1. Would you say Gly347 is on the phi > 0 side of the Ramachandran plot and free of Cβ contacts under 8 Å to residues at least 24 places away in the same chain?
2. Select, from Val128, Val100, Val96, the only residue that is at pLDDT 95 or above, under 15 Å from Leu150 (Cα atoms), surrounded by fewer than 18 Cβ atoms within 10 Å (Cβ to Cβ) and among the β-branched types (Val, Ile, Thr).
3. So which residues in the stretch 100-124 are aliphatic (A, V, I, L, M) and touching a Ser or Thr at 6+ places or on another chain (Cβ under 6 Å), if there are any at all?
4. Could you give me the residue pairs with C-beta distances under 6 Å whose first residue belongs to the stretch 414-431 and is closer than 19 Å to Leu342 by Cα, whose second residue is of a type in the set (Gly, Ala, Ser) and modelled with pLDDT of 90 or more wherever it lies, and which are 6+ apart or on separate chains?
5. Of all residues in the stretch 152-162, count the ones that are touching a Phe, Trp or Tyr at 6+ places or on another chain (Cβ under 9 Å) and surrounded by fewer than 18 Cβ atoms within 10 Å (Cβ to Cβ).
6. Quick one: would you say Ala225 is touching a Cys at 6+ places or on another chain (Cβ under 8 Å), surrounded by 14 or more Cβ atoms within 10 Å (Cβ to Cβ), under 30 Å from Val424 (Cβ atoms) and not assigned by TED's automatic domain parsing to the domain that holds Val105?
7. Condition (residue is out of contact with any Phe, Trp or Tyr (no Cβ under 8 Å at 6 or more places or on another chain), among the β-branched types (Val, Ile, Thr), within 12 Å of Ile62 (Cβ to Cβ) and in a strand (DSSP E or B)) applied to the stretch 116-129: is it met by at least one residue?
8. For the stretch 183-214, give me the residue count where each residue is crowded, with 19+ Cβ neighbours inside 10 Å, touching a residue at least 60 places away in the same chain (Cβ under 8 Å) and more than 16 Å from the chain's Cα centre (by Cα).
Amino acid sequence: MVVRTDKHLACACNCLAGTPRPAISARGHVAHVSGQRATSGNSARGAVQAFLKERRREKMRITVDRAELASAFGWASRGLPARPVIPVLDGMRLSVEDSVLTLSVFDYEQSVRARVSGNDAQCGEILVDGRDLKKIVSALPKGKPVAVSLSSTAEALTIGSRGATWTLQALPGEKYPVLPGLPPLSGIADGEAFARSAIRVSRAVSHDAKFPALGCVMLTTHITALDMAATDRYRLAVDKVPWTAADPEAGSLAVLVPSSAMETFTAKGRSGKVSIHLSQDMAGFADDARVLTVRTRSGDFPKYRHLFHAESPLILTTSAPKLAAIIGRVGTMSGRGEPIALDYAGGTLTVQAIRNGCPGAASEQLSGTTDAKEFQVSFNPAYLAQMLEGFDGEVRIKLDGDLTDGPKVAIIRPCGTDSFKALVVQVPARA
């Protein structure tokens, strides 16, 4: 492990102090010893000066735990752009202040910062290639708690652990853009609740570049909660996160936040509080070790609240986790672009794969209750399963609900007190 300490300075100072003078009667011998002491003193002074010069050349220094460094880097590296608009954005900035190492990445749209506490620290910063740094972090010794030291000069970053040393050349830090600050605080929510809602709502976003607004999660502020909604026009997911508003008197604010940013922040999430910062142009999320900012998007998001009031003559009550698992197994045999069928008869729900327009390529049964004697409905297997995965227990599924001037849908709500709800458009089986 390469860790700089001040023991070399202490040893050099001891040399300057010299050794006890021996009792010698011969002048020549005494003069000879004095000369040795003078030479030794000059040498020690030179060592101290060289040591201090080297310390002054260091722009940054800190020692951190390997596991904490790997976790922080793993999250921060998610912000490295796949196609940077300028080469310097391939870099990751490392900075030390108050015995905290901060890893920062920015691509003009999104910034991420991860913090790691350490010791033996000296303030400073350096910019290095993020992907090269990833190779080094991946190669660090694993096992029991392992210390990793990082030190830099103006030219390079040195990383050492358990006798192994790596050196990365510095990138031109003066060309790296200034990271944006957080927008005004909007509210504070529980970290686990925020992550859970963001993950299950984000499953409904569109990946069609023609509709950028549908690739976002709509965040709407209220006094007691933050609403989340996402849709790709074939499914809709909505949830509500309780929070403490920063200003209860502030009006409601609705912004479109790219789902990729939500997924990045909630990845490797942790317990604790999350501060949510929103403005018309920027969104920011922060906890005790991470900060993310992202530019919001403009565009029209569908008005969705009335969709959950569609009337339905059929309501099926069943286990969401079990139904999702069955769809995952049976749906593998559905033909390309073909749906799965939910067939209810005789008090039993049968899930069937449809292949070449014919049901029965695979099937599995599940218990469920409904007032109807029998019915059959069809869905895209992936869309229905992903929405069901957001629920923990039994759900009530309104089937054959007609929207005004729209297709038939399934409206899924929990039987308990969970605030999550989803809507999936039904699709016809091929004739």
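1. Working: on the phi > 0 side of the Ramachandran plot: yes; free of Cβ contacts under 8 Å to residues at least 24 places away in the same chain: yes.
In short, yes.
2. Details: Val128 fails: surrounded by fewer than 18 Cβ atoms within 10 Å (Cβ to Cβ); Val96 fails: surrounded by fewer than 18 Cβ atoms within 10 Å (Cβ to Cβ).
Every option except Val100 fails the conditions.
3. From the stretch 100-124, those aliphatic (A, V, I, L, M) are 100-101, 103, 105, 112, 114, 116, 121; that's our starting set.
Hits for the stretch 100-124 are Val100, Ala121.
4. Short answer, once both residue conditions are applied: Ala422/Ala237; Val424/Ala410; Val427/Ser378; Ala429/Ser378.
5. The qualifying residues number 1.
6. Working: touching a Cys at 6+ places or on another chain (Cβ under 8 Å): no; surrounded by 14 or more Cβ atoms within 10 Å (Cβ to Cβ): yes; under 30 Å from Val424 (Cβ atoms): yes; not assigned by TED's automatic domain parsing to the domain that holds Val105: yes.
No; evaluated as a whole, the condition is false for this residue.
7. Here is the first cut: in the stretch 116-129, the residues out of contact with any Phe, Trp or Tyr (no Cβ under 8 Å at 6 or more places or on another chain) are 116-126, 128-129.
Cutting the leftovers down to among the β-branched types (Val, Ile, Thr) gives us 116, 126, 128.
Keeping just the survivors that are within 12 Å of Ile62 (Cβ to Cβ) gives 116, 126.
Subsequent filtering for residues that are in a strand (DSSP E or B) retains 116, 126.
Within the stretch 116-129 (the criterion being out of contact with any Phe, Trp or Tyr (no Cβ under 8 Å at 6 or more places or on another chain), among the β-branched types (Val, Ile, Thr), within 12 Å of Ile62 (Cβ to Cβ) and in a strand (DSSP E or B)), the answer is yes, since at least one residue qualifies.
8. The qualifying residues number 5.
The values are calculated or read from the model by the stated rules, or taken from the named source; none is laboratory data. Here the structure is a predicted model, which is why all the values come from computation and not from measurement. Positions of Cβ are backbone-derived with ideal geometry, glycine not excepted, and every protein chain shown enters the neighbour counts.
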